[in-house]
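Just so it is clear, none of the values below were taken in a lab; they were calculated from the coordinates. The structure presented is a predicted model; accordingly, all values stated were derived computationally and were not measured. Using ideal geometry, Cβ is built from the backbone for each residue, glycine included, and neighbour counts are taken over all protein chains shown.
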Amino acid sequence: MIVDITKVYFQSGRGGEGSSSLMRISSRKAFACGGDGGRGGDVILKVSPHLYDLSKFKGNKKFIAKNGQQGKEKNKYGKNAEDLIVKVPRGTRVIENQKVLVDLADREKSFLICRGGRGGKGNNKRSYCLPPQEGEAKEIVLDYRIPNEVAILGFANSGKTSIFNSLTGQKAKVAGYPFTTTSCFWSEIEHEFKKFTVLDTPSIKEAKPGLKYTENAFLRHIFRSRLIILISDNCLGFKNDFLRLKNEISLFDSGLLKEKIFFYLLAKVDKIDKENIQKKNSLQNPQEAYAVSVKEFQGIDKLKKLIFDNLG
Ligand SMILES: Nc1nc2c(ncn2[C@@H]2O[C@H](COP(=O)(O)OP(=O)(O)O)[C@@H](O)[C@H]2O)c(=O)[nH]1
Ligand SMILES: [Mg+2]
């Protein structure tokens, strides 16, 4: 299972104290020469291309940057502390008090989460010192949403993983019993120098009327999907399946259905009367599902092409 949400504590460094020092020139004369303290370290979140979930935060939930060094006599400045860089996977949303501070959805993005404190001022320019600034401390929720353009959704055993495998060339486990896919898998598809990520998902489960089914938590990962492939293998009841699937998605989060392109697939058509199916082929109309068969490799290449045509 991937770890996709976690609470983490971040704290930047405190500034170093300014020095209060006097340099004596003679028995009657002295001048102030206390140097300033160094800056405390920032905490910076940085996207790493090598991370694919938040499991690295399981054992380590506190990240504290170092404090700035103290100023010294003879006007010597304290050293600034190094920044603390915390790597996160691309697709991490950074949340404080339920407010999204930033969505690190791009490859080269970083975000200053806690600013290090300014160093204290020594008494070199004035007769007194100024205290250093404290660092910032934040309780943050890291919320990872898998970067993907295409998500495959359906009820148990409808043929999701088989379609995923034939689109992507992967070999994810396919089985004739429900709930084989327990976590999301994803992989890239490529066509004429364009690349998109396709997401295979666990099966959608239905809640009792009026309730939300909490086991559909994986639906958070279709947040970024632009195209959603709904699959049914029920040749007589696919329209109803698509309605029920959309209903579960909107029960989970009503905002999820907005601005997505939907493809409606009728899977495993090698099992049914093909004459009837061919007449009804349409990808974007839930009344007329698009017929595919992984077993007979029917409709797969065209489906792939249509994905690229629609995503541009
Ligand atoms: N006849 C036939 N069976 C299929 C086809 N696609 C999938 N299946 C079978 O349907 C079952 C469920 O497939 P799977 O891809 O694991 O479904 P998922 O639970 O929705 O991911 C497996 O036994 C597959 O072999 C197909 O195109 N034709
Ligand atoms: Mg599956």
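Just subtract the alpha-carbon distance of residue 56 and residue 213 from 0.36 nm times their residue separation and send over the number in nm, one decimal.
53.7 nm
Can you work out ³J(HN,Hα) from phi for every residue in the stretch 256-262, in order, using Karplus 6.51 cos²θ - 1.76 cosθ + 1.60 and θ = phi - 60°, giving whole Hz and x for Gly and Pro?
Values per residue, Gly and Pro as x: 5, 7, 5, 6, 9, 8, 10 Hz.
Within the set of other residues whose C-beta is less than 11 Å from the C-beta of residue 103, count the net charge using Lys and Arg as +1 and Asp and Glu as -1.
Values: positive: 90, 93, 109, 145, 224; negative: 106, 143.
Result for the neighbourhood of residue 103: +3.
Taking a ≥ b ≥ c as the square roots of the eigenvalues of the Cα gyration tensor of the stretch 150-311, is the shape rounded (a/c under 1.5), prolate (a/b larger than b/c) or oblate?
Working: a/c = 1.38, a/b = 1.16, b/c = 1.19.
The shape class here is rounded.
Can you grab the distance from the C-alpha centre of the stretch 1-69 to the C-alpha centre of the stretch 83-140, Å, no decimals?
Cα centres, the stretch 1-69 to the stretch 83-140: 9 Å.
Calculate how many DSSP beta bridges within the stretch 14-132 are antiparallel, expressed in % of all such bridges and rounded to the nearest 5.
If we restrict to bridges inside the stretch 14-132, about 70 percent are antiparallel.
Report the label-to-label distance for residue 5 and residue 139 in nanometres (one decimal), using points 7 Å from each Cα along the Cα→Cβ vector.
Distance between the two pseudo-spin positions: 1.6 nm.
Roughly how many nanometres apart are two label points built 7 Å out from the Cα toward the Cβ at residue 22 and residue 295?
9.6 nm
Tell me which residues come under 5 Å, amide H to amide H, from residue 213 once H is placed; ignore anything under 5 positions away on its chain.
Residues meeting the amide H criterion: 207.
What is the list of residues in the stretch 69-85 whose amide nitrogen lies under 13 Å from a point 7 angstrom out from the Cα of residue 31, following Cα to Cβ?
Zone members listed by number: 74-75.
Could you work out the helix-only [θ] at 222 nm for the chain, with each DSSP H run of four or more residues adding -39,500 (n - 2.57) and the total divided by the number of residues, to the nearest 500 deg cm²/dmol?
On the way: 4 runs with 41 residues, N = 312.
Rounded to the nearest 500, it is -4000 deg cm²/dmol.
Running a GNM on the chain with Cα contacts under 10 Å, which residue among 211, 230, 153 ends up with the highest mean-square fluctuation?
Ranking 211, 230, 153 by mean-square fluctuation puts 211 first.
Under a crude label model (7 Å from the Cα following the beta-carbon direction), how far is residue 73 from residue 171 in nanometres?
Here the modelled spin labels are 7.3 nm apart.
Give the Rg/Rh ratio for the chain, taking Rg as the radius of gyration of the Cα atoms and Rh as the Kirkwood radius, to two decimals.
1.24
Which residue fluctuates most in the GNM of the chain (Cα springs below 10 Å): 58, 46, 121?
It is 58.
Mind checking the stretch 210-294 for chymotrypsin sites (Phe, Trp or Tyr not before Pro) that DSSP puts in a loop (not H, G, I, E or B) and that have at most 15 other Cβ atoms within 10 Å?
Loop-located and lightly packed - 213.
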